[in-house]
Amino acid sequence: MFAVTTTLCCLGLALPQDPQPNYKLPPQGYHAPEEVAAALEELVSMHLSWDLIQIGTSPEGRPLYVLSIPGPQLAGNPAPGAPAILVVANLEGDRLGAGEVALNLAQNLSANFPLLEKAHLFLMPMANPDAVAHVLHGEGNWRGAPTDNDRDGRVDEDGAHDINGDGQVLWMRVPTPGGQWLAEPKDSRLSRKAKTDDGEAGEFRLLREGADTDGDRLENEDGKGGIQLEANFPHRWQQYDPAAGPYQLSEPESRALVDFVLLHPEICLALVLDNEDNLTDPPQGEDKSTIQSTIPLKADATLIKILRKGWQSEDDQEKVLGEEHQHGNFADWLYFQRGILVLESALWSPPLEMKEEGEAKPKEEAKDLSKEQKLLAWAERWYGDKAFVPWQDFHHPTLGDITIGGWKPLLRTNPPISLIPQLRSRTEAILSSLGPQLAKLSWEKVEVKALDGQQVFEARATLVNPHTMPTDTAMAIANRKHLPLRIYLELPAGGKLLVGKMQQNLRRLEGLGGSHEFHWIFQLPPNSKPAQVRAVSTHSGESVCLLEVQS
Amino acid sequence: MKYFLALSLMVTASLFATTASAQESGGQWQPKVEIPWNRYYTYEELLQHMQRLQQAYPNFVRFEDIGQSFEGRPMRVMILGNQETGADNEKVAMWVDGNVHGNEVQGGEAAIYLAWWLLEHYQSNERAHQLLDQRVFYILPSQNPDGRDHWLENANTPHSSRTGTTPTDNDHDGLFDEDDYDDLDGDGEILLMRKKVPLGQGTHRLDRDDPRIMVPIEGDQLGDYIILGQEGIDNDGDGRINEDGKGGYDMNRNWPSDWQPEHIQYGAGDYPFSYPETAAIGRFILAHPNIAAVQSFHNSGGMLLRGPGDEHVHYPRADIRVYDSLGEEGEMMLPFYRYLIIHKDLYNVHGGFVNWTYEGLGIFSFTNELWASEQYWGKDREHTGGWFSSNTRQQLEFNDSVTLGDLYVDWHPFHHPLYGDIEIGGFKRQHGRVAPSFMIEEMIHRNALFCARHAEEIADVHLEALKVEELGNGLYRVTVDLVNSKLMPSRSAMAAKHKIGVPDLVSLEGSNLQVLVGGTLSPRDRFHPERLQSVVRDPAHIRLERGVPGHGRSLMSWVVRGSGSFRIRYQAEKADDAELEGQLESTVPTEAPRTEESPAKKQSPR
């Protein structure tokens, strides 16, 4: 199993560095929500055992689909206690690559995908379809009912929009004495903040393309849409932030997702493909969690470090950079309030190291370049002149003479569509590597003695978890969301327990050999069947062991 | 609120000339609807009383079913107010509920009593008349009808059935509600279990004077009794008793403000509004921004509680003054009750209901904890032993003499499957947290009328001292005062601070004029009272984030060009709208004092 994992991993890492003139600029080639929904519907018609669960409907009427792919079976039924893994993508509408990877994963999943021998898979390629639809229409990353962001009694009346009629919403440089920005001296296309500490003065304001539509002397302060999905979950929800919603889970998408997770306690691990990332630079962990925590407990951070080996190897060339931890996001709710381990990946970010293929070190001239310069150099190599629109003079109705141009949207956070299969196989690799690391219950060191030579028996047995994952995370224990791990002694008819308990609960078993010894003394009628012990857990299946006298 | 006060005041005044004091004089008061206020009613009975009030006062009472409890009981809000003086959502409102904790039943009676008393005094009492004409009460007698009925109808302790009845796995064993209390002796009560043990093995001994009382041993005393908790057996065989009963959560921890998950806050639920009852109430309250006051009745302890529920939440000073004023009046109205702050004087609460309505929605909100143990004897706590009647001897005296033993079950033997020979006995659930039957009416009257006082102090804003001053060249300065005659501001400082809801709006409009400048004046600026805080955009519409202060005034001023008539309108979420018309012709000499009444003032029809 390990070998397979490594191979897949290497395949996934060969991301091209050299110029690729054929790259399409995102979102070209990306699927609209309707196409994703149709693709999922087609998948379940092809795979009879798969199921498509509509967990809800978005405000604009789009279905919220979770693909349910069955894990280990016993006689056609789900194996008792089989764990589930949840993959969620596109919580943010502008992270289109994540949704594409998740869809591509489903489309290429073979029936003998190794993970499915161990776990059930829930796959949600598009958690926020309304925002995706708007992003694809060039309208920005918005969703939800119109809101009055500037509290002037009108809704959505002053958002960024195309003002020079070129069909896109870019950036405006508005010459303003004391404006915070100036043109990068080495490349005047780029903008950077003036270093006032070094005596530099700013020259312009840098604004999204738009105008003061409502005449309140502010630009773009009340744009389209309302509540941000990734701010609407309960952990660190911000009560007075209009983007966070009137209350936790006020939005149909967030509520549906949370209710789905609550309905499926067998979900023991989640992979969230979005704008945050804990695989590239895994967190160090904290000793104690608080209601404001964003860093996992140490024991769980260690787990993330171990599990990410299936994702990135030592010779990996590019670091995927995630974004800052956001208040009220889904992944934090999963971990900090439900104790479910979450792997987060931003999947891709622009390769900025400027290495030629085969070279170990970046080019010499790259050393002094700012991040923006590196980005522009990369964008030109990949997309030619399509990525950046030169600044053009424009007479703005309220702002006077300005220039409009700059970065096209989406390309800095989404790969060209042709890279999706490679990113998918990388995601596939980590999912495959997870299977053998999920918690497993195993009875070891079983000793049974007949105390009187025939009817009274003393039994000892140790329940062991030889795999990486514990039966519940440290966080699940800390926030009391751990699930029952029950041990039943099963005596044949006429049997009588003398010492020990017929049933007991264990809080959890640690990973990597975590164990617990049990002890019973019982009496059995002559010539009866042997006693047995059964361990049952929601996250790690069932394990039964006969308590027979060793001969 | 689109309701205009002055008109209804005129109607009110004329009615009083003919009907005042017809009902309540010389002890001859005859309520139209007789409700015996000397017992606690099942939820169905409460609904029947509401129905009877509706039949007797059809123009004042209507109902809205806002949802269903987990067991399917209707969550029925009584909408109380004179329908002929305006629709409910066009008036400012007070929300009153009770009984979110199923065992805290008397809030239900108190809530309905408020409706009953106001209705029965509409004709005879001027202020009841005004409240029903000008205000609306949204009354939900029980936030938790399932818990209420379970407590009233089945065996319980004074403290059990606090929860709703959605099954919950409290002991993490994968089973739901499988180990509740058990009424072992079948007497309809859940009492205490005690067991006599060999001397030296006990934690308690029996009181020498009254063997019903268990005395904890101290020092080197020897005990011969142990207390085994409340009646029950180990139903699920896990070695523990009564550890996973019916429900097992606290709906008063299920609201959005400062909500925290279960490991921080017991009973919080999976997320805010996760229960059908709280979700229904949340939807209704969010859809009614006209709610300007909240009362949520609980028991017990004799308290008028306000937030915050945790020390990290801060309430603005201006609002605290409003709370203090109402709280002090409440302490006067409610003997033995104290006005307290939840986190400071009681305990931490995350996600409490009144925390949400104030911190999240900016509504002045109280939780009254009905019934103080001092009231058993009408003496202060030095004589009665304080909270939850910790002085057992005095409670037993009350039971023995004032109720002839009605509240207590004497210890009697029972054979327990696990503990062997034990005794069962103790106070019934009707003792401790709810008033005894003969004291119910006083308890609920004082609390209901505290709500009436709270509602009376909702902001009431008038336009006064309209002045039009000619500036020459067709320019006029128009000034008007917004005067709030009540204690509460039209927007709480909390709402202003966090930009909750919509700011109040004052607009000046006319068909033949142009508004050039608009803004507010600062009467408190002793040196430059003429300085205008002008509106950046659209000077015809002045937005008041802080509203109009309680017992205060805000001064508006415009410079307009034009002629003819104009109209000034005041619109607010939590105060009635007001309107005034005037003419663009000079009404005052340039040096006239500002207090002079304007002859142009005219109250517009609704």
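The values are calculated or read from the model by the stated rules, or taken from the named source; none is laboratory data. Because the structure is predicted, anything quoted here is derived from the model rather than measured. Cβ placement follows ideal geometry from the backbone for every residue including glycine, while neighbour counts extend to all protein chains displayed.
Looking only at segment B:497-520, count every residue that is within 12 Å of chain A (Cβ to nearest Cβ), free of Cβ contacts under 8 Å to residues at least 60 places away in the same chain and crowded, with 18+ Cβ neighbours inside 10 Å and tell me the total. Number of matching residues: 1.
For segment B:499-515, residues that are part of a strand (DSSP E or B) and in contact with a Pro (Cβ under 9 Å, 6 or more places away or on another chain) total 2. So how many residues does segment B:207-260 have that are more than 14 Å from every other protein chain (Cβ to nearest Cβ) and either touching an Asp or Glu at 6+ places or on another chain (Cβ under 8 Å) or among the aromatic types (F, W, Y) (or both)? So the count comes out to 14. Among the residues examined, A:E209 qualifies as closer than 18 Å to A:G179 by Cβ, buried (at least 21 other Cβ atoms within 10 Å of the Cβ) and away from chain B (no Cβ under 14 Å).
In the condition set (1) more than 16 Å from B:P256 (Cβ to Cβ); (2) of a type in the set (V, I, T); (3) part of a helix (DSSP H, G or I); (4) touching a strand residue (DSSP E or B) at 6+ places or on another chain (Cβ under 8 Å), B:T367 is compliant with all but (3). The residues of segment A:248-297 that are assigned to a loop (DSSP other than H, G, I, E, B), facing chain B (nearest Cβ under 10 Å), closer than 29 Å to A:N414 by Cα and among the small types (G, A, S) amount to a single one, A:S250. Selection of segment B:529-549 for residues being within 14 Å of chain A (Cβ to nearest Cβ), closer than 21 Å to B:N484 by Cα and outside any loop (DSSP other than H, G, I, E, B) yields B:H541, B:I542, B:R543, B:L544. Within the bounds of segment B:306-314, is there any residue that is among the hydrophobic types (A, V, I, L, M, F, W, C) and over 27 Å from B:R433 (Cα atoms)? Yes, segment B:306-314 has at least one match.
Per the listing A:R143, A:R151, the residue uniquely in a loop (DSSP other than H, G, I, E, B), within 14 Å of another protein chain (Cβ to nearest Cβ) and not hydrophobic (A, V, I, L, M, F, W, C) is A:R151. Scanning segment A:479-497 for residues being more than 10 Å from every other protein chain (Cβ to nearest Cβ) and charged (D, E, K, R) gives a total of 2. When we screen A:Y240, A:Y247 for residues that are touching a His at 6+ places or on another chain (Cβ under 6 Å) and at pLDDT 95 or above, the only hit is A:Y240.
Rundown of residues vs (1) modelled with pLDDT of 95 or more; (2) not small (G, A, S), yes/no style:
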site	(1), (2)
A:Q20	no, yes
A:Y23	no, yes
A:S58	yes, no
A:L64	yes, yes
A:A79	no, no
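Against the test of being at positive phi and not assigned by TED's automatic domain parsing to the domain that holds A:G400, the options A:R217, A:R151 yield a single qualifying residue, A:R151. Only one of the numbered conditions (1) closer than 17 Å to B:P413 by Cβ; (2) among the charged types (D, E, K, R); (3) over 39 Å from the mean Cα position of the chain (by Cα) is not met by B:R212, and that is (3). Tell me, please, whether a residue that is free of Cβ contacts under 8 Å to residues at least 40 places away in the same chain, among the small types (G, A, S) and more than 14 Å from chain B (Cβ to nearest Cβ) can be found in segment A:534-544. The answer is no; no qualifying residue exists. Every listed requirement among (1) buried (at least 17 other Cβ atoms within 10 Å of the Cβ); (2) modelled with pLDDT of 95 or more is met by B:V535 save one, (2). The residue that is nearest to the other protein chains (Cβ to nearest Cβ), counting only those in segment B:261-284 that are β-branched (V, I, T) and surrounded by 23 or more Cβ atoms within 10 Å (Cβ to Cβ), is B:T278. Could you list, in sequence order, the residues of segment A:491-520 that are part of a strand (DSSP E or B), surrounded by 15 or more Cβ atoms within 10 Å (Cβ to Cβ) and out of contact with any Pro (no Cβ under 8 Å at 6 or more places or on another chain)? Within segment A:491-520, A:Q503, A:Q504, A:L506, A:H516, A:F518, A:W520 qualify. Among the residues making up segment B:62-114, those that are over 17 Å from the mean Cα position of the chain (by Cα) and among the acidic types (D, E) are B:E64, B:D65, B:E71, B:E84, B:D88, B:E90. Yes or no: B:L544 in contact with a His (Cβ under 9 Å, 6 or more places away or on another chain) and at pLDDT 95 or above? So B:L544 does not fit the description; no. Counting only residues that are under 21 Å from B:E397 (Cα atoms), of a type in the set (K, R) and within 43 Å of the chain's Cα centre (by Cα), segment B:182-209 holds 0 of them.
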